[in-house]
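One structure below.
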Amino acid sequence: MEFKTSDYHQVEAWCMRYIGPRMYYLHNRIGGQGWTIKRATLGGPATIAIEDKHHALMAMLKFGK
């Protein structure tokens, strides 16, 4: 499941705590097993993708706009 948010730093910390550790950190993408954050260019909203629908729902409720 995917959703967008402007504050991906909090989402990243939440994912590392509740889903799994960060396995890669690239210039436009951060992620681990079961989650990915695609950062937008020019300050746009980041796209969060979480594989487990239960974790995704919790993240959407907490961080979604």
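The values are calculated or read from the model by the stated rules, or taken from the named source; none is laboratory data. Only a predicted model underlies this, so the values are computations on that prediction, with no experimental measurement involved. When we count neighbours, we look across all protein chains shown, and the Cβ atoms used for this are built from the backbone with ideal geometry, even at glycine.
Before moving on, here are some points about what is shown:
- Hits in the stretch 40-65 - residues which are among the charged types (D, E, K, R) and at pLDDT 90 or above: Glu51, Asp52, Lys53, Lys62
- Taken over the stretch 42-61, the criterion of being assigned to a helix (DSSP H, G or I), closer than 14 Å to Asn28 by Cβ and among the aliphatic types (A, V, I, L, M) is satisfied by Leu42 alone.
- Candidates Ala13, Ala49, Ala56, Ala40, filtered to the one that is surrounded by 11 or more Cβ atoms within 10 Å (Cβ to Cβ) and in contact with an Asp or Glu (Cβ under 6 Å, 6 or more places away or on another chain): Ala49
- Against the conditions (1) more than 8 Å from the chain's Cα centre (by Cα); (2) in contact (Cβ under 8 Å) with a residue 40 or more places away in the chain; (3) surrounded by 13 or more Cβ atoms within 10 Å (Cβ to Cβ), Tyr8 satisfies every one except (1).
- Looking only at the stretch 16-30, and only at residues there that are in a strand (DSSP E or B) and free of Cβ contacts under 8 Å to residues at least 12 places away in the same chain, the one that is surrounded by the fewest Cβ atoms within 10 Å (Cβ to Cβ): Tyr24
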